[in-house]
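Written below as structure tokens is the structure these notes are about.
The values are calculated or read from the model by the stated rules, or taken from the named source; none is laboratory data. Computed from a prediction, not measured in an experiment: that's the story for all the values here. Methodologically, a virtual Cβ is constructed for each residue, glycine included, from the backbone with ideal geometry; neighbour enumeration extends over all protein chains shown. Quick note on the areas: whole protein, heavy atoms, side chains included, nothing else; ligands and nucleic acids left out. Shrake-Rupley method; radii C 1.70, N 1.55, O 1.52, S 1.80 Å.
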Amino acid sequence: MSKLEGEVYYPSKEVVARANVKDYDSLYERSIKDREGFWAEEAEKLEWFKKWDKVLDDSQKPFYKWFVGGKFNIVHNAIDRHLKTWRRNKLALIWEGEPGDLRTFSYHALNREVSSFARILHSMGVRKGDTVTIYMPQIPELAFAMLACAKIGAVHSVVYGGFSVEALAERIADARSRVVVTADGGFRRGKITDLKKTVDEAIKRSPTVESCIVVRRTGHEVYMESGRDFWYHDLQQLPIACPDGQECKTEVMDAEDPLFILYTSGTTGKPKGQVHTHGGYAVYTSTTHRYVFDIKEEDRWWCAADPGWITGHSYIVYGPLINGATVMMYEGAPNYPYPNRWWKMIEKYGITILYTSPTAIRGLMRFGDDWPKRYDLSSLRLLGSVGEPINPEAWRWYYEVIGQKRCPIMDTWWQTETGGFMITPLPITPLKPGSATKPFFGNEVAVVDDEGNEVLVGEEGKLVIKNPWPGMARTIYGDPDRYVQTYWKDYEKQGWYKTGDSARIDKDGYVWIIGRIDDVIKVSGYRLGTAEIESALVSHPAVAEAAAIGLPHELKGNAIHAYVILKQGFTPSPRLEQELKDHVASEVGPIARPEDIQFVESLPKTRSGKIMRRVLKAKALGKDVGDLSTLED
Ligand code: WT7
């Protein structure tokens, strides 16, 4: 290997010896030369009711289809097939609640729980192709509900439990769900989050909803509407069966049938429902999980994300269960009641792989080395990071203090749209802190200008993906035109996927993600649209116009800064600023609360009236504002 430039960390002999892939370059080359052959070989590792006729159908670009003609169900692969082997008795899930309660499930038990949930959904009239909205805290029933939908061929739409009434109602309406699954509440930092109350408000605005299944978690008193709301534990007692008996059958699906919708923030206020499928998504999530995290039978895998986001869908629920792994899930905050909570759980359960976000790492780093040092973290063998670029300082702390210089860090770059890891190291990859390193097998990426010319080595440009991959979102639910416009229009000629990120590639071919260049702000790794924040602001009676931008923040990566023009008759005051922040938090969710609000007289706009956020950003950072030729005045 030629010498790499900059700060480089090479894998140890032990890491290389046990790695599932020993030679990146040759497998990469093969995967590019024969992409379909590579993916077919990976797909063979799963069980198909009927094998596909064609690996990739690209006759209707950019609406690619994978494993066409194949009959498949992701749940058959994540649960059913394991029951025929010794894995039946293996732990599938270890769950710890924030108050300290513990529940564990073998694959056998997982099947029992998922079948029971499936039976109940079926009895509520949920059928193949129907959408079910799931709004839950991080409890095992969240995963059971998702898997139960998939089992009977229904499409789940999970809405993150931190979203507010408005966001939930909008997502229920877009998916036209008749059934909502929720819980009375959840625990977060010792407090109860009143999920059911949010659901009640959202249902008032959602004419499609007929029934609501409520899982009891906190036990606090909640309103239950007779004939509409049902306790899950009551339903479990009813002698109901699927048409084929007590054991609810796993539906035979087409590989391309939708598995779920997951909403991401968009340029306009309306969220985009990303549609993922049974076949390609299963192949992509399980393959990336197996290779990147080098999954072994004896691993205890902990992805400390919320299942309500794509990270949880792909790498708490589907990928790891398909790989027959033991999955750890934790309900609450990392520092509750003390900043030792995570380290204590790693020791207690013997976690071997920890996958989390830079924000969480920075947050825990802040409390100092003593907290982790009091625990035995020697079970860890690999670490992971996702959601935003990781700053080298946090990387080093994670590597030295948590991984004890033994555990390579897999900095995985991907998106809700991509379904799984796109640019990522493997355990054998020499690492550079802050770089997601190289493309995963089958993928070709480039950093280009607006015309599609590759920029010079080390220069910043737009990150594109040049090829289709099995885990890609197939469309935006109900809006295929928007799918084309958003991702494929800019590089239509070349047929490339636009990521919305800027990046640079160094002389060793390592990719360095810089950040979003569209109207998305990543706050603590969470994805928010400027439009959502702005429309929440203008829905306040005092606000005439608003603009939101993201500015660097030590802990959160980026923080939201808003500029507000008040309506006549209102005057700026600290009290009004506070009121507006609270308003955004209650309209969108607490994660969207602006860090700072400035009252202004005007906003920089183009002649066509579009707010030039880049000008606001440059000014706030004291940078050159760049080309102002389109500025109105
Ligand atoms: C955006 C996608 C995919 C799981 C969570 C986020 C940013 C994601 C990295 C990384 C630098 C990253 C990008 C991307 N991002 N991973 N390893 N390094 N940036 O999914 O909410 O759809 O957000 O997150 O900006 O476009 P998402």
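Among the residues making up the stretch 179-219, those that are closer than 25 Å to Ser116 by Cα and part of a loop (DSSP other than H, G, I, E, B) are Asp184, Gly185, Thr208, Val209, Glu210, Arg216, Arg217, Thr218, Gly219. Picking from residues in the stretch 488-535 that are buried (at least 22 other Cβ atoms within 10 Å of the Cβ) and in a helix (DSSP H, G or I), the one that is farthest from the ligand (Cβ to nearest atom) is Glu534.
Within the stretch 532-548, residues that are over 17 Å from Thr606 (Cα atoms) and free of Cβ contacts under 8 Å to residues at least 24 places away in the same chain sit with their Cβ atoms under 8 Å from residues that are assigned to a strand (DSSP E or B) and not hydrophobic (A, V, I, L, M, F, W, C), at 6+ positions apart or across chains, in these pairs: Val538/Glu545. Inspect all residues belonging to the stretch 366-377 and state whether any of them is over 15 Å from the mean Cα position of the chain (by Cα) and aliphatic (A, V, I, L, M). Checked the stretch 366-377: at least one residue is over 15 Å from the mean Cα position of the chain (by Cα) and aliphatic (A, V, I, L, M).
Residue count for the stretch 394-408 satisfying the condition of being under 22 Å from Pro552 (Cβ atoms) and crowded, with 20+ Cβ neighbours inside 10 Å: 3. Within the stretch 129-141, at least one residue is open to solvent by 10 Å² or more (accessible area, probe 1.4 Å), under 27 Å from Arg81 (Cα atoms), in contact (Cβ under 8 Å) with a residue 60 or more places away in the chain and touching a Ser or Thr at 6+ places or on another chain (Cβ under 7 Å).
Residues that are outside any helix (DSSP H, G or I), on the phi < 0 side of the Ramachandran plot and within 23 Å of the chain's Cα centre (by Cα) within the stretch 381-403 comprise Leu382, Leu383, Gly384, Ser385, Val386, Glu388, Pro389, Ile390, Asn391, listed in sequence order. For the stretch 366-393, the candidate set comprises residues that are away from the ligand (no atom under 12 Å from the Cβ) and under 28 Å from Thr285 (Cα atoms); within that set, the residue that is most open to solvent (accessible area, probe 1.4 Å) is Ser378. Considering Gly312, Gly273, the condition of being out of contact with any Phe, Trp or Tyr (no Cβ under 8 Å at 6 or more places or on another chain), within 16 Å of the ligand (Cβ to nearest atom) and not in a loop (DSSP other than H, G, I, E, B) is satisfied by Gly312 alone. Within the stretch 229-247, residues that are within 10 Å of Ser123 (Cα to Cα) and at pLDDT 75 or above have Cβ atoms under 7 Å from residues that are in a helix (DSSP H, G or I) and of a type outside the set (A, V, I, L, M, F, W, C) in these pairs: Ile240/Arg119; Ile240/Ser123; Ala241/Arg119; Cys242/Arg119; Cys242/His122, counting only partners at least 6 apart in sequence or on another chain.
The rows are residues; the columns are (1) within 22 Å of the chain's Cα centre (by Cα); (2) open to solvent by less than 20 Å² (accessible area, probe 1.4 Å); (3) modelled with pLDDT of 95 or more.
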position: Tyr291; (1), (2), (3): yes, no, yes
position: Gly308; (1), (2), (3): yes, yes, no
position: Tyr315; (1), (2), (3): yes, yes, yes
position: Pro320; (1), (2), (3): yes, yes, yes
position: Ile346; (1), (2), (3): no, yes, yes
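Over 30 Å from Leu580 (Cα atoms) and of a type in the set (D, E, K, R): does that describe Asp501?
no
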